[in-house]
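The values are calculated or read from the model by the stated rules, or taken from the named source; none is laboratory data. In this text, all values refer to a predicted model and were calculated from it rather than measured experimentally. Here the Cβ positions follow ideal geometry from the backbone for every residue, glycine too, while neighbour counts run over all protein chains shown. Ligands, DNA and RNA are stripped out before the accessible areas are found, and what is left, the full protein with its side chains, is counted by its heavy atoms. Shrake-Rupley method; radii C 1.70, N 1.55, O 1.52, S 1.80 Å.
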Amino acid sequence: MTISPDIQSIVDAIRARQRFVLSSHSRPDGDSIGSQLAMAYALKAMGKEVVAINADAAPPPLLAFPGVPEIRIAPEATGAFDAAIIMECGDLARTGVKGLERYFVINIDHHPGNTGYGQINWFDDSAAACGEMVYDVVGALGVPLSLEIATHVYLAILTDTGSFHYSNITPRTFTIAGECIAAGVDPVLVARNVYDSNNMGRLKLFGAVLSAMQIDQTGRIAIVYLDHEMARASGGTYEDTEGLINLPLTVKEIQAVVFFKEQEGDTYRVSMRSKGEIDIGAIAKEFGGGGHKNAAGCTVTGPIDALQKSFVEKIERAIDCEPSPISG
Ligand code: 5GP
Ligand code: MN
């Protein structure tokens, strides 16, 4: 394989160092965990010392994957490390882990707008998952694709493409996924662990949130809402909402979804998803958040009615800027 200068500089930096701390974004998902642990297993195979630290625990379904229960959950990285490898984070604050800037930082990411916070920065927003990029680094390091590494690369790709559903999927995505299967990954088992490990509270919570769903006047935007009382009444938790936001998009006419989750008082976590060319990442950015064209988020404060109106208006405008995917 040809090795790009970006990857070569990462390989050289890793070879020259011994003790690594690996981190990824807060509220982890399959791509952050998969990227982080694929890298961890590769470095261990090279005889390196590796500690993985995250701000938050992994969602329960991901605890079934190798190494996930061993990830250290801590607000700060302390100790002697020769480098910090940060994956899947547009800026260092996305880790939610303090103190990482004290180390030699290697930044590997696919989020548009990555701030280039590392001593080495490799950024590729054409990658369908950060796990694709980690796969390239593992190969360039000359580390064989073990079952653990392959499992985490496959987990990253499966989840970040929404089960091969979203944009940015390329022939490479399938080539890498194919290599992972060849290395022994069982795609049925991975999918079952990720998607078929729900508890009943989660299903009831989905029901409550979807029953209360609103549709905008144009019939193209779904507005979903969750507060602490709804979660308590259905027997689910906020962590159980993972993936819920994608369900309204399964309706043919729905082009975008905005999901408001009450935090404290008037503050809401906002998640958005869209289809095709509708850029909701730009809207999240206007509100101080960020993300991708089709998946983005931010945190906002204000009366919920005014917030919903404001987001819906902006999303309607974003949809009107794009040709209908159905016509043409
Ligand atoms: P989610 O809706 O799953 O929380 O986030 C979807 C995507 O939006 C994430 O992968 C991340 O890239 C981005 N995102 C979500 N919240 C924020 C935020 O507060 N700030 C930034 N910069 N990106 C976010
Ligand atoms: Mn990702």
- Report, by residue number, each residue of the range 89-131 that is open to solvent by 10 Å² or more (accessible area, probe 1.4 Å), away from ligand 1 (no atom under 12 Å from the Cβ) and not in a loop (DSSP other than H, G, I, E, B). K98, E101, R102, I120, N121, W122, F123
- Go through the residues of the range 198-219 one by one and say whether even a single one is away from ligand 2 (no atom under 16 Å from the Cβ), free of Cβ contacts under 8 Å to residues at least 60 places away in the same chain, out of contact with any Cys (no Cβ under 9 Å at 6 or more places or on another chain) and among the hydroxyl-bearing types (S, T, Y). yes
- If you check V312, V258, which single one turns out to be in a strand (DSSP E or B), open to solvent by less than 30 Å² (accessible area, probe 1.4 Å) and away from ligand 2 (no atom under 16 Å from the Cβ)? V258
- Yes or no: Y135 in a loop (DSSP other than H, G, I, E, B), buried (at least 17 other Cβ atoms within 10 Å of the Cβ) and of a type in the set (F, W, Y)? no
- Task: Quickly run through the range 274-305 and pick out the residues that are part of a loop (DSSP other than H, G, I, E, B), within 16 Å of ligand 2 (Cβ to nearest atom), touching a residue at least 40 places away in the same chain (Cβ under 8 Å) and not polar (S, T, N, Q).
- Result: H292, K293
- Item | Residue tally, condition surrounded by fewer than 24 Cβ atoms within 10 Å (Cβ to Cβ) and more than 10 Å from ligand 2 (Cβ to nearest atom), over the range 139-169 | 17
- What number of residues in the range 237-255 are polar (S, T, N, Q), out of contact with any strand residue (DSSP E or B) (no Cβ under 9 Å at 6 or more places or on another chain) and not in a loop (DSSP other than H, G, I, E, B)? 1
- Out of T267, T218, T250, T237, which single residue is more than 30 Å from E148 (Cβ to Cβ), of a type in the set (S, T, N, Q), open to solvent by 30 Å² or more (accessible area, probe 1.4 Å) and under 21 Å from the mean Cα position of the chain (by Cα)? T250
- Message: For the range 63-84, check the following and say yes or no: at least one residue is within 16 Å of ligand 2 (Cβ to nearest atom), part of a helix (DSSP H, G or I) and acidic (D, E).
- Response: no
- Query: Residue check: is D186 open to solvent by 30 Å² or more (accessible area, probe 1.4 Å) and within 16 Å of ligand 1 (Cβ to nearest atom)?
  - Reply: no
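On the basis of being in contact (Cβ under 8 Å) with a residue 40 or more places away in the chain, open to solvent by less than 60 Å² (accessible area, probe 1.4 Å) and over 19 Å from the mean Cα position of the chain (by Cα), does A38 make the cut?
Against the criterion (in contact (Cβ under 8 Å) with a residue 40 or more places away in the chain, open to solvent by less than 60 Å² (accessible area, probe 1.4 Å) and over 19 Å from the mean Cα position of the chain (by Cα)), A38 does not qualify.
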